[in-house]
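Down below is the structure, laid out as structure tokens.
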Amino acid sequence: MLLACLAISPLACEASEDYLSAPDRIEWIGGALYDGVFGDGTGFQMELGYPFPPNRGGAAGTKFHPSYWYPKFYQGSPIPLGGFEYAGNPMPLVRSVPDKCYHRDEEYFSISLAPDMATGNGHWKSVSLNKELDFSLQREVVYKSILVRRPFRNRLTGHEEAANAFEYSAVFPVVGEAEADAWIREQARICEHDRQCLNRIRITWKSRTLLSIHAAVSGYNRDAPSSESYELTRHYQLKDGHLLPLDFASFIKPDRVCRARMSKAIVASLRARKAPWAAKAGLKDGQEPAFTPTPTGIAFHFDWSEVKGDAEGEASAFVALKPNDPCVLFLPAYDKG
């Protein structure tokens with residue numbers, strides 16, 4: 001079982017088959033992370049999805065949900081945008097916000113990409129700010145998508161059962177650094193289930209000095225009442241052309257006082273959202289948490305299997321911090337605008 005082998009180490013979960021190299025796989029560039037700059041110099045980052053290969057049938061696990069964020073003010077959760085995979089110019093995207101009993105459109109993006117999709121430009125409009133700006137896009141990282149579908153044959157009847165077909169899907173970035181790419185592929189290839197394996201690995205922070213990666217791995221069996229999942233993060237400092245792995249103790253002092261402060265702040269953040277699982281979300285002794293550092297604090301991520309009761313469906317908590325906080329050793333700075 002996935003959780004059993006993860007008790008030893010997530011990397012101890014060896015797939016029965018390497019679906020990343022399966023001969024019947026469907027493989028394509030599923031999307032990309034872009035650096036963006038508005039006409040007034042404000043920097044932002046955006047994830048855009050690319051079309052599924054024609055006539056091959058899509059899969060929910062490989063779908064890209066477009067989103068964007070402002071790195072200088074990032075709190076670990078992208079701003080979702082309504083829209084679809086890129087299917088030609090212009091590409092319209094909309095951000096909607098709750099307004100009493102309905103949602104209203106707040107922001108509009110119109111995006112045009114170059115033929116190779118490596119660069120682009122567009123126009124942005126904010127309703128509440130009564131403001132419009134042009135912007136440019138530069139692709140930073142591409143995401144690879146892989147899908148494997150296989151029929152399930154009932155051993156008793158000999159018939160194929162479409163409802164029980166096996167599906168493996170993975171979306172993961174290709175960053176061009178051997179150590180980081182090896183770790184990313186190791187997470188993407190994990191699959192120990194006979195019904196579905198769904199692995200999603202994302203870049204959660206990328207600047208000139210820090211690369212943060214978040215892996216969400218899940219799956220379930222035909223006879224299981226629910227899925228199993230885990231979340232893991234990895235961080236690298238970019239220095240002198242090399243990647244240096246960083247753990248939680250590289251960002252927050254590892255003493256008991258600071259860890260206790262972080263735990264208390266995590267619980268308080270979740271209670272403010274009325275998350276029913278808040279009380280059990282503090283840091284455990286010796287635990288290496290899943291987290292994303294940002295210029296304004298740290299976002300802590302939790303396994304979906306542990307937080308099924310969260311009313312908001314957001315399995316994370318943000319703790320605001322300042323660089324001069326006595327517990328802070330390092331927080332990244334956005335150095336691209």
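The values are calculated or read from the model by the stated rules, or taken from the named source; none is laboratory data. Keep in mind that what you see is a predicted model, and the values were worked out from it rather than measured. Here Cβ is always computed from backbone atoms with ideal geometry, including for glycine, and neighbour counts include all displayed protein chains. Keep in mind that these areas ignore ligands, DNA and RNA; they rest on the heavy atoms of the full protein, side chains included. Shrake-Rupley method; radii C 1.70, N 1.55, O 1.52, S 1.80 Å.
Tabulated data
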item	result
Tally, over region 218-247, of residues that are assigned to a strand (DSSP E or B) and at pLDDT 90 or above	9
Region 219-264, subset out of contact with any strand residue (DSSP E or B) (no Cβ under 9 Å at 6 or more places or on another chain) and among the aliphatic types (A, V, I, L, M), residue surrounded by the fewest Cβ atoms within 10 Å (Cβ to Cβ)	V257
Selection count, region 256-278, where residues are modelled with pLDDT under 90 and touching a Lys or Arg at 6+ places or on another chain (Cβ under 9 Å)	2
Of all residues in region 267-277 being in contact (Cβ under 8 Å) with a residue 12 or more places away in the chain and part of a helix (DSSP H, G or I), the one that is surrounded by the fewest Cβ atoms within 10 Å (Cβ to Cβ)	V267
Selection from region 314-334 of residues that are of a type in the set (A, V, I, L, M, F, W, C) and touching a Pro at 6+ places or on another chain (Cβ under 6 Å)	L331, A333
Test set (1) under 18 Å from the mean Cα position of the chain (by Cα); (2) open to solvent by 10 Å² or more (accessible area, probe 1.4 Å) - F166 fails condition number	(1)
Residue pairs meeting the criteria (Cβ under 8 Å; at least 6 apart or on separate chains; first within 10 Å of L283 (Cβ to Cβ), in region 250-266; second assigned to a helix (DSSP H, G or I) and not β-branched (V, I, T))	I252/C258; I252/R259; I252/M262
Boolean, E160 is farther than 22 Å from E228 by Cα and without any contact (Cβ under 8 Å) to a residue 12 or more places away in the chain	yes
So R185, is it under 22 Å from the mean Cα position of the chain (by Cα), more than 20 Å from D335 (Cβ to Cβ), surrounded by 20 or more Cβ atoms within 10 Å (Cβ to Cβ) and of a type in the set (K, R)	no
Region 141-153 residues that are within 14 Å of R200 (Cα to Cα), paired with ones that are of a type in the set (V, I, T) (beta carbon under 6 Å, 6 or more apart)	V142/I29; V142/V174; Y143/V171; K144/V174; S145/T62; S145/V171; L147/I26; L147/T62
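Rundown of residues vs (1) at pLDDT below 90; (2) hydroxyl-bearing (S, T, Y); (3) over 23 Å from F52 (Cα atoms), yes/no style:
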{"residue": "K125", "(1), (2), (3)": "no, no, yes"}
{"residue": "K131", "(1), (2), (3)": "no, no, yes"}
{"residue": "L137", "(1), (2), (3)": "no, no, no"}
{"residue": "V142", "(1), (2), (3)": "no, no, no"}
{"residue": "R153", "(1), (2), (3)": "yes, no, yes"}
{"residue": "R208", "(1), (2), (3)": "yes, no, yes"}
{"residue": "A215", "(1), (2), (3)": "no, no, no"}
